[in-house]
Amino acid sequence: MSLSLHFSGIADVYKFFNLDQLLKHPLVAVIDFSDVDEQVLEDTRISGDYYCLLFKRYDGNNVRYGRKVIDFNNGSLMCIGPNQVLEMETNIDTYTEKEGWGVFFHPDLIRATSLQDKMKDYSFFSYEVWEALHMSEKEKQIFYECVQKLAGELQENIDVHSQDIIVSNIELLLNYCTRFYGRQFITRKSMNGSVVMQVEKILSDHFKSGKLEEQGLPTVKDLADKVNLSPGYLSDLLKKETGKNTQDHIHYYLIEEAKNVLISTNKSVGEVAYLLGFEYPQYFNKLFKQKTGKTPVEFRNMN
């Protein structure tokens, strides 16, 4: 039987982990998993209204997202956004020891701060759980030291400086996530190269199919689904490998196809736009001018 839990606040997190001590801060918590009584005795689906940085390493516990299972035995870091659903699976026979930590913070903590505006840049919160960050021992130590500083600040009495210091420590953790994910993209270059080739083949086949008018343009989600990655992770991977994100790749193939049609046929610009899947020709004109510096008519006249 599956159990679904939704945590509306940090206090619910404390209750789930059976923490008896007083909640130090209503909007943020640091939890050391080696010190808590966590027993997930059946499949449990968990979601919450908070952001979470979750590092775990212990035997007998996996996380499932859809059909993907992540084994925590070696340890990895997940960055989880509000309302993302995780399914915990526990093997009671092999459940022995646990190690790790979690940083939980509610969106209200960073509201009206500079960090709120930066959250959209931390695209790893949109990654799927199987795209977790696998860290070196040095990286784990850096994260642990940052988490310890944040935990230490939460032990202090709240004063006028508390929020700035707490938010700054969280921002530092997120910036390290950005750095280390960048390293992970580099160290997985051969694997990433295969993904780039897959994306290019999918796009090439789509535009050669002759069904563009019927099927429309492929979306970022379409491509991500076909290579079994999340849209955010795929875009970041392509950006690291090629300098262009997923939407840029789609637009590149679109504009190349538009050039071919403009030169090889006498179709009007409106007809070309519809052929390429645009509902409104003006959108096609704007994109073509943005990508080439010329309008479709200007390009045709030059060739």
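The values are calculated or read from the model by the stated rules, or taken from the named source; none is laboratory data. Remember, it's a predicted structure, so these values are computed and weren't measured experimentally. No Cβ is skipped: glycine too gets one built from the backbone with ideal geometry, and neighbour counts run over all protein chains shown.
Take Leu212 and tell me if it is out of contact with any Pro (no Cβ under 9 Å at 6 or more places or on another chain), surrounded by 18 or more Cβ atoms within 10 Å (Cβ to Cβ) and farther than 30 Å from Thr113 by Cα. Explain how you work it out, then say what you get.
Values: out of contact with any Pro (no Cβ under 9 Å at 6 or more places or on another chain): yes; surrounded by 18 or more Cβ atoms within 10 Å (Cβ to Cβ): yes; farther than 30 Å from Thr113 by Cα: yes.
Yes, satisfied.
Residue by residue, here is whether (1) touching a helix residue (DSSP H, G or I) at 6+ places or on another chain (Cβ under 8 Å); (2) buried (at least 16 other Cβ atoms within 10 Å of the Cβ); (3) without any contact (Cβ under 8 Å) to a residue 12 or more places away in the chain holds:
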residue: Lys244; (1), (2), (3): yes, no, yes
residue: Ile255; (1), (2), (3): yes, yes, no
residue: Val269; (1), (2), (3): yes, yes, no
residue: Val272; (1), (2), (3): yes, yes, no
residue: Pro281; (1), (2), (3): yes, yes, no
residue: Leu287; (1), (2), (3): yes, yes, no
residue: Gly293; (1), (2), (3): no, no, yes
residue: Pro296; (1), (2), (3): yes, yes, no
residue: Asn301; (1), (2), (3): no, no, yes
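In the range 120-140, which residue that is assigned to a helix (DSSP H, G or I) and without any contact (Cβ under 8 Å) to a residue 60 or more places away in the chain is surrounded by the most Cβ atoms within 10 Å (Cβ to Cβ)?
From the range 120-140, those assigned to a helix (DSSP H, G or I) are 120-121, 123-126, 129-131, 137-140; that's our starting set.
Restricting the remaining residues to those that are without any contact (Cβ under 8 Å) to a residue 60 or more places away in the chain gives 120-121, 137-139.
Values: Lys120: 9, Asp121: 9, Glu137: 8, Lys138: 9, Glu139: 18.
Applying the filter and picking the extreme gives Glu139.
For residues that are over 19 Å from Gln184 (Cα atoms) and among the small types (Gly, Ala, Ser), scanning just the range 200-246, find the one that is modelled with the lowest pLDDT.
Gly210
Check the range 93-112 and report whether any residue there is assigned to a helix (DSSP H, G or I), surrounded by 15 or more Cβ atoms within 10 Å (Cβ to Cβ) and of a type in the set (A, V, I, L, M, F, W, C).
Within the range 93-112, one or more residues are assigned to a helix (DSSP H, G or I), surrounded by 15 or more Cβ atoms within 10 Å (Cβ to Cβ) and of a type in the set (A, V, I, L, M, F, W, C).
List every residue pair whose Cβ atoms lie under 9 Å apart, where the two residues are 6 or more positions apart in sequence or sit on different chains, the first residue falls within the range 14-39 and is not assigned by TED's automatic domain parsing to the domain that holds Phe143, and the second residue, located anywhere, is modelled with pLDDT under 80 and surrounded by 18 or more Cβ atoms within 10 Å (Cβ to Cβ).
Final answer for the pair search is none.
For residues in the range 160-171 being of a type outside the set (A, V, I, L, M) and either in the same structural domain as Thr242 (by TED's automatic domain parsing) or touching a helix residue (DSSP H, G or I) at 6+ places or on another chain (Cβ under 6 Å) (or both), which is farthest from Ile31 (Cα to Cα)?
Taking the range 160-171 and keeping what is of a type outside the set (A, V, I, L, M), we get 161-164, 168-169, 171.
Those still in the list that are either in the same structural domain as Thr242 (by TED's automatic domain parsing) or touching a helix residue (DSSP H, G or I) at 6+ places or on another chain (Cβ under 6 Å) (or both) too: 169, 171.
Values: Asn169: 15, Glu171: 18 Å.
Only one residue fits best here, namely Glu171.
Would a scan of the range 141-159 turn up a residue that is outside any loop (DSSP other than H, G, I, E, B), touching a Cys at 6+ places or on another chain (Cβ under 7 Å) and more than 15 Å from Val30 (Cα to Cα)?
Checked against the condition, which is being outside any loop (DSSP other than H, G, I, E, B), touching a Cys at 6+ places or on another chain (Cβ under 7 Å) and more than 15 Å from Val30 (Cα to Cα), the range 141-159 yields no hits at all.
Considering (1) surrounded by 17 or more Cβ atoms within 10 Å (Cβ to Cβ); (2) in contact with a helix residue (DSSP H, G or I) (Cβ under 7 Å, 6 or more places away or on another chain), say which one Leu174 fails and leave the rest.
Unmet for Leu174, out of (1) surrounded by 17 or more Cβ atoms within 10 Å (Cβ to Cβ); (2) in contact with a helix residue (DSSP H, G or I) (Cβ under 7 Å, 6 or more places away or on another chain): (2).
Could you check how many residues of the range 160-199 are farther than 26 Å from Leu115 by Cβ and among the small types (Gly, Ala, Ser)?
3
Is it true that some residue in the range 247-259 is among the polar types (S, T, N, Q), at pLDDT below 90 and in a helix (DSSP H, G or I)? Steps first, please.
First, pick out the residues of the range 247-259 that are among the polar types (S, T, N, Q): 247.
From the residues that got through so far, the ones that are at pLDDT below 90 too are none.
No, every residue in the range 247-259 fails to be among the polar types (S, T, N, Q), at pLDDT below 90 and in a helix (DSSP H, G or I).
If you go through the range 282-303, how many residues are at pLDDT below 90 and either in contact with a strand residue (DSSP E or B) (Cβ under 8 Å, 6 or more places away or on another chain) or closer than 25 Å to Gly210 by Cβ (or both)? Show your work before the answer.
Step one: list which residues in the range 282-303 are at pLDDT below 90, which gives 301-303.
If we keep only those that are either in contact with a strand residue (DSSP E or B) (Cβ under 8 Å, 6 or more places away or on another chain) or closer than 25 Å to Gly210 by Cβ (or both) too, we end up with 303.
Count: 1.
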